[in-house]
Amino acid sequence: MNIRLILKLAAVAGVLTAISLWMGRLAYRWLPAPASAEALLIDDLFSLMTTLGSFIFFGVTGTLLYSVLFQRAGKYDESDGPPIEGNVTLETVWTVIPILLVIWIAAASYRAYDQMSVLGPMEHIHMGLGQAIAAPLDLAQASAQPESIEVHARQWVWEFYYPEQGITSTELHLPRDRRIKLALTSEDVVHGFYIPAFRLKQDVIPGRAIDFEFTPILEGKYRLRDSQYSGTYFAAMQADVVVESPTAYEQWLQRSAAATPQPGLNPAYAEYQLKVENRGRPGWKTVEPAPSPLVNYVGSAGA
Amino acid sequence: MSSVNLDSSLPAPAVVTAHGAEHHDEAGNSMFGFIVFLLSESVIFLSFFVGYAVYKTTSLDWLPPGVAGLEVRDPLINTIVLVSSSFVIYIAERFLKKQNLWGFRLFWVLTMAMGSYFLYGQAVEWMGLPFGFTDGLFGGTFYLLTGFHGLHVMTGVLLQGIMLARSFIPGNYDNGEVGVMATSLFWHFVDVIWIVLFILLYVWQ
Amino acid sequence: MTNISVDALAPDRAQPSPGEPESWRRFFTFSTDHKVIGIQYIVVAFFFFLVGGFFAMVMRGELITPEADLVDRTVYNALFTMHGTVMLFLWTFPVLNGLANYLVPLMIGARDMAFPRLNAAAFWLVPVFGVILMASFLVPGGPSQSGWWAYPPVSLQNPTGNLINGQALWLLAVALSGVSSIMGAVNIVTTIVRMRAPGMTFFKMPVFCWTVMAAQIIQLFGLPALTAGAVMLLFDLTVGTSFFDPAKGGDPVLYQHFFWFYSHPAVYVIMLPIFGVFSELFPVYARKPLFGYKVVAVSSFIITGLSGIVWVHHMFASGTPSWMRMLFMFTTMTISVPTGIKVFAWVATIWGGKVRLNTPMLFALGGMIMFVFAGITGIMLASTPVDIHVNNTYFVVGHFHYVLYGSMTMGMFAALYHWFPKMTGRMYYEGLGKLHFVLAFIGTNLNFLPMHPAGLMGMPRRVASYDPEFAFWNVLASLGGFLLGVSTLPFLLNMISSWIQGEKAPANPWRAIGLEWLVASPPPHENFDVIPTVVAEPYGYGKNEPLIAPLGSMELTRELS
Ligand code: HEA
Ligand code: HEA
Ligand code: CUA
Ligand SMILES: [Cu+2]
């Protein structure tokens, strides 16, 4: 190979690398602010994959674009191109490089996943309710007892139960920087527990109890969305998640414990009433939404 | 891929105009296609088997209340009948190869009788069982597997009936007959499936 | 290119050339000619593409605002369920079967498929289950509203309590579609294995035939699993068994395994023949042999093999144990290796060629670029930690529309333009074709690119309403969607008017190499007057070698074969 070609290739690779690294930086901005310890790991991984992906994508399309722009047949040029049928070196290179890339991406993903579970088991599933599970190995915060909260999903409302205080709520309140341990159960169909700001998602499967742990790190108000399609009012099955300082959290618990129960937020049910009264749009018969649970804390309506 | 047996009977074509000369080996195509189909069909059974194994090993209350398990003796007799019928149908095929039509018909009808006996035995067993299709996972998978297999036995017997009837068309089976070969292959397939099924349902309790 | 003159192979029988206006009626008959059946498949599938697209238009209309205001939620849910079902089972599979039906016998030098009557029967099932599926709009309770996955327990809920309900009809339609596909697969595999012309060894066979065979083998091992799951679901729904009903001790996740064991490989049933189309088109329009032909051909079967061991990547969030997540993450990623081999081979084929950018080439290039994009988002999805965030969001919807529209549908348009002269004996209008391309390319990107940021922000899929923060991206997507809808108009206009009064096409308008280009356009009944003997590898561009043996040596090769 001559020097000029090598230099040219190096220059192209340099530009490509620069663009890809820049894309990798941009990638963080496409995601909501990371509000859990796990989110940081996932965002780094996503950024890495964006970098590598950009390199591949712009590499391939750039080459194509060059051919399409500069290697066109003339209008009356009926001749054929050079009859090159293959090149073993080249073919080996482009088999081996993707293999190496795959190993790299898989290893990075594995590491991220592993760290997420070291932070706390991602999820524990026990068949049939009430069976014993292995004690979570928790290195980071072994001392602190995780905050246990039960999550009950039903068509189409989320209900949160704080067993120690005996509080129920339709808004999820969490203390910052504490390990949270959720027990997810569903009474009817499969639902999905998903908080985009935490980058965490877990299907809630009827007939099973699923333990799910994570650590919120950023105060604020976020959205919990149902991520597993669950029927007519699926889109309305959302709730607010409030991450607050441990003191604010304790105060909230105390205030709520004192409050008298009242019907919780349940947009699906409200919408269904419109339909029953024929004030909605014409549609087909639907499964009836569960009525609002009685809760100590309702939460603020709307987004 | 060769088309020897058909083409060699023709004089070598000087100029191949019409397409008469390169008629492909249609019987071979049919047999090939049928084997491909059976391979695919076996995946349905495989899926049911996997489902059965998963349910049996993970389900909390596997047997419906009041059911202790399955009686093995009668199904075993049934199994023996069905498995031996595979040999009988093989003998029938041998007779056909030797152009002995009556020998073929005799053993062919015997196969049909054995198949029908199997179906009868299956029906008797179903009648006597203390649980139904909707009684839990055990009931569901049991009837699903035996029913789906039974449907195949029934299809096999029907196919055999058709082949038997066609053997009475004069000259029809002179060159051997793909239909017969395919039917008998199907019968062996149904048998093998049953052996797996028997082990899963009755032996592994 | 080839030494043999076209006239030598042309038909001498006096029969109306197929495609003549007076013979259009045969497209409505139970014909057993693979070419008629092929076109029947394509036309019926395209009709359903319009139907599925129409549903998508209503969906995009609903999603242009955050509130659920255009249609009732039940209607929206029915629409996306039917959109997905129609697009997959009534557009992609039938149209690809149509293309394979038309091309495979011509490409391998056969007069017809191995089982012509089975072929016709398989085709006629398509309108039958299409009508069944559409009829579900008329039953009380409306069509299935459980998404195209039909996950239980949602799919078992049946609020009307009727035995004949949308979900049951949906299951029936999908089962019939499976029967039709199995019949087609048996036929195509048998045809390719047993009906090749003398001299056409596997390594002289065009890549399109390789990919079709690799795809049909997937149907054969995958569909039975779906059928098993569908049968069990149907029993749960109608007679009350408990296979997947957690209220009765059943296991809803097992259904998911059955479903994805087929439906993941199914995406390669869809994509592989399009890889074949790319492999046929790039050499023609770059005037170079396909780079690494044998490796490209064989990698199709590697994809077939790998496709059977990756399905759990659709279930990373379904309570799947960690070891399974990691295992399937890795197997999924390995698919990029054989796929990469193909992509790089296409790039190398085009590189240094004499590129001619007419409509088929534009669609093929556009389809390939969007495939690379979709493949990369696919690898991101394969990474479990990333997928845990974006699973069931619009990021996934963006990923799969880039493959299903951006490359499969675009690739199909490329194929239709490329073989249109062969199929109809007429040329299409280049100007309208280019207009179609421009609209479709812009529309696809405007429609589906914004779905990625929306998904990364956390917008779930299958929602009729959403939080206002997602509105911006959805407005863009809806505008792109409408543009895509409009882009089908020049295509329709082009196809219909060219077929009726386009310029007459010669046998080989693209100067392409391949058996199908040696016969007249459209090819005569039974394709070849004399079955040719193949002596060269395909794609001999620039090599100046004959593809088939001269007629005189026919007898000799016949005896040798
Ligand atoms: C034709 C259709 C098609 C095709 C070809 C693909 C191809 C791929 N898909 Fe996609 N996919 C779908 C259709 C398709 N998909 C559909 C319909 C769904 C959603 C279904 C639903 O939920 O309704 C889906 C969903 C889906 C998911 C589940 C997401 C979720 O629900 O959370 C995943 C996860 O792994 C995935 C991955 C992949 C991968 C890894 C590929 C790979 O095959 C891609 C390989 C290609 C490349 C990688 C590019 C070329 C390669 C190179 C240039 C070499 C170098 C590259 C590297 C080393 C990375 N797909
Ligand atoms: C090959 C498959 C394919 C194709 C081509 C398309 C094409 C399109 N899809 Fe696709 N889509 C799927 C397969 C496909 N889709 C699948 C599998 C799902 C998942 C379903 C599920 O979740 O269960 C899905 C889901 C899906 C969603 C997500 C729904 C949700 O989750 O809530 C959306 C949203 O925008 C969407 C939009 C579109 C659009 C705008 C097009 C456009 O490309 C369409 C362009 C329109 C046309 C080409 C038609 C033009 C017609 C006219 C102008 C009128 C003429 C009308 C008649 C003659 C009747 N689709
Ligand atoms: Cu609620 Cu899914
Ligand atoms: Cu997949």
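The values are calculated or read from the model by the stated rules, or taken from the named source; none is laboratory data. Computed from a predicted structure; not experimentally measured. Cβ coordinates were reconstructed from backbone atoms using ideal geometry, including for glycine residues, and neighbour counts include every protein chain displayed.
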Counting residues that are within 30 Å of C:Asn508 (Cβ to Cβ), within 13 Å of ligand 2 (Cβ to nearest atom) and at pLDDT below 95, which helices (runs of 4 or more DSSP H) fully inside the stretch C:376-467 reach at least 3?
none
Out of all the residues in the stretch B:116-132, is one or more touching a Lys or Arg at 6+ places or on another chain (Cβ under 9 Å) and modelled with pLDDT under 95?
no
Could you check, for the stretch A:218-225, whether at least one of its residues is in contact with a Phe, Trp or Tyr (Cβ under 9 Å, 6 or more places away or on another chain) and within 16 Å of ligand 2 (Cβ to nearest atom)?
yes
Selection within the stretch C:339-375 - in a helix (DSSP H, G or I), β-branched (Val, Ile, Thr) and away from ligand 1 (no atom under 15 Å from the Cβ)
C:Thr359
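Here is a yes/no grid of residues against (1) in contact (Cβ under 8 Å) with a residue 24 or more places away in the chain; (2) charged (D, E, K, R); (3) within 14 Å of chain A (Cβ to nearest Cβ); (4) assigned to a helix (DSSP H, G or I):
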| residue | (1), (2), (3), (4) |
| --- | --- |
| C:Trp149 | yes, no, yes, no |
| C:Leu163 | yes, no, no, no |
| C:Gln167 | yes, no, yes, yes |
| C:Leu171 | yes, no, no, yes |
| C:Val174 | yes, no, no, yes |
| C:Val179 | yes, no, no, yes |
| C:Ala185 | yes, no, no, yes |
B:Val81 fails exactly one of the following numbered conditions: (1) closer than 30 Å to B:Gly139 by Cα; (2) β-branched (Val, Ile, Thr); (3) out of contact with any Phe, Trp or Tyr (no Cβ under 7 Å at 6 or more places or on another chain); (4) touching a residue at least 12 places away in the same chain (Cβ under 8 Å). What is the number of that condition?
(3)
C:Asp467: passes all of (1) within 13 Å of another protein chain (Cβ to nearest Cβ); (2) within 20 Å of C:Tyr402 (Cβ to Cβ) but (2)
List the strands (runs of 3 or more DSSP E) that sit entirely inside the stretch A:206-303 and contain at least 2 residues that are in contact (Cβ under 8 Å) with a residue 12 or more places away in the chain and within 10 Å of another protein chain (Cβ to nearest Cβ).
A:208-214, A:220-226
Within the stretch C:62-93, work out how many residues are in a helix (DSSP H, G or I) and within 13 Å of chain A (Cβ to nearest Cβ).
13
Would the stretch C:311-333 turn up any residue that is under 22 Å from C:Leu290 (Cβ atoms), crowded, with 20+ Cβ neighbours inside 10 Å, modelled with pLDDT of 95 or more and not basic (Lys, Arg)?
no
For residues in the stretch C:281-325 being of a type in the set (Ser, Thr, Tyr) and in a loop (DSSP other than H, G, I, E, B), which is farthest from ligand 1 (Cβ to nearest atom)?
C:Thr320
When the stretch C:189-229 is examined, which residues are found to be aromatic (Phe, Trp, Tyr), over 10 Å from C:Thr304 (Cβ atoms) and surrounded by fewer than 22 Cβ atoms within 10 Å (Cβ to Cβ)?
C:Phe202, C:Phe203
Is it the case that A:Thr61 is out of contact with any strand residue (DSSP E or B) (no Cβ under 7 Å at 6 or more places or on another chain) and surrounded by fewer than 20 Cβ atoms within 10 Å (Cβ to Cβ)?
yes
Whichever residue in the stretch C:336-365 is more than 12 Å from C:Ala286 (Cα to Cα), more than 7 Å from every other protein chain (Cβ to nearest Cβ) and in contact with a Ser or Thr (Cβ under 9 Å, 6 or more places away or on another chain) and, among such residues, is nearest to ligand 2 (Cβ to nearest atom):
C:Thr339
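Please determine whether any residue of the stretch A:206-222 is closer than 14 Å to A:Val157 by Cα and away from ligand 1 (no atom under 15 Å from the Cβ). Full working, then the answer.
Of all residues in the stretch A:206-222, those closer than 14 Å to A:Val157 by Cα come to none.
Scanning the stretch A:206-222 turns up no residue that is closer than 14 Å to A:Val157 by Cα and away from ligand 1 (no atom under 15 Å from the Cβ).
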Among the listed residues A:Ile105, A:Ile97, which satisfies the condition of being at the interface with chain C (Cβ under 9 Å from one of its Cβ atoms), under 32 Å from the mean Cα position of the chain (by Cα) and exposed (fewer than 15 other Cβ atoms within 10 Å of the Cβ)?
A:Ile97
When the residues of the stretch A:254-286 are filtered to those that are more than 28 Å from the chain's Cα centre (by Cα) and of a type in the set (A, V, I, L, M), which remaining residue is nearest to A:Asp188 (Cα to Cα)?
A:Ala270
Residue satisfying condition, being out of contact with any helix residue (DSSP H, G or I) (no Cβ under 9 Å at 6 or more places or on another chain), more than 7 Å from every other protein chain (Cβ to nearest Cβ) and either of a type outside the set (Lys, Arg) or under 20 Å from C:Met457 (Cβ atoms) (or both), within set A:Leu21, A:Leu48, A:Leu40
A:Leu40
Leading residue by the ranking (farthest from the other protein chains (Cβ to nearest Cβ)) among those in the stretch B:46-94 that are of a type in the set (D, E, K, R) and assigned to a loop (DSSP other than H, G, I, E, B):
B:Glu71
Does A:Gly207 satisfy the criteria of being out of contact with any strand residue (DSSP E or B) (no Cβ under 6 Å at 6 or more places or on another chain), away from ligand 3 (no atom under 12 Å from the Cβ) and modelled with pLDDT of 90 or more?
no
Sort through B:Leu46, B:Leu70, B:Leu38 and tell me the only one that's farther than 30 Å from C:Glu526 by Cα and modelled with pLDDT of 95 or more.
B:Leu46
What do you reckon, is A:Gly59 at the interface with chain C (Cβ under 10 Å from one of its Cβ atoms) and on the phi > 0 side of the Ramachandran plot?
no
Scan the stretch A:77-89 residue by residue and report those that are more than 16 Å from C:Tyr285 (Cβ to Cβ) and either more than 7 Å from chain C (Cβ to nearest Cβ) or exposed (fewer than 15 other Cβ atoms within 10 Å of the Cβ) (or both).
A:Asn87, A:Val88, A:Thr89
Filtering the stretch A:189-204 down to residues that are in a loop (DSSP other than H, G, I, E, B) and near ligand 3 (Cβ under 9 Å from one of its atoms) yields A:Val189, A:Val190
Could you grab me the full set of residues in the stretch C:375-394 that are within 14 Å of ligand 4 (Cβ to nearest atom), under 11 Å from C:Ala317 (Cβ atoms) and facing another protein chain (nearest Cβ under 7 Å)?
C:Thr384, C:Asn391, C:Asn392
List the residue pairs whose Cβ atoms are under 6 Å apart, where the first residue sits in the stretch C:458-476 and is touching a residue at least 40 places away in the same chain (Cβ under 8 Å), the second is within 14 Å of ligand 2 (Cβ to nearest atom) and of a type in the set (Lys, Arg), and the two are 6 or more positions apart or on different chains.
C:Pro460/A:Arg225; C:Ala464/C:Arg73
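Kindly check whether there is at least one residue in the stretch C:510-518 that is under 27 Å from C:Val355 (Cβ atoms), away from chain A (no Cβ under 12 Å) and touching a Lys or Arg at 6+ places or on another chain (Cβ under 9 Å).
So far as the stretch C:510-518 goes, yes, one or more of its residues are under 27 Å from C:Val355 (Cβ atoms), away from chain A (no Cβ under 12 Å) and touching a Lys or Arg at 6+ places or on another chain (Cβ under 9 Å).
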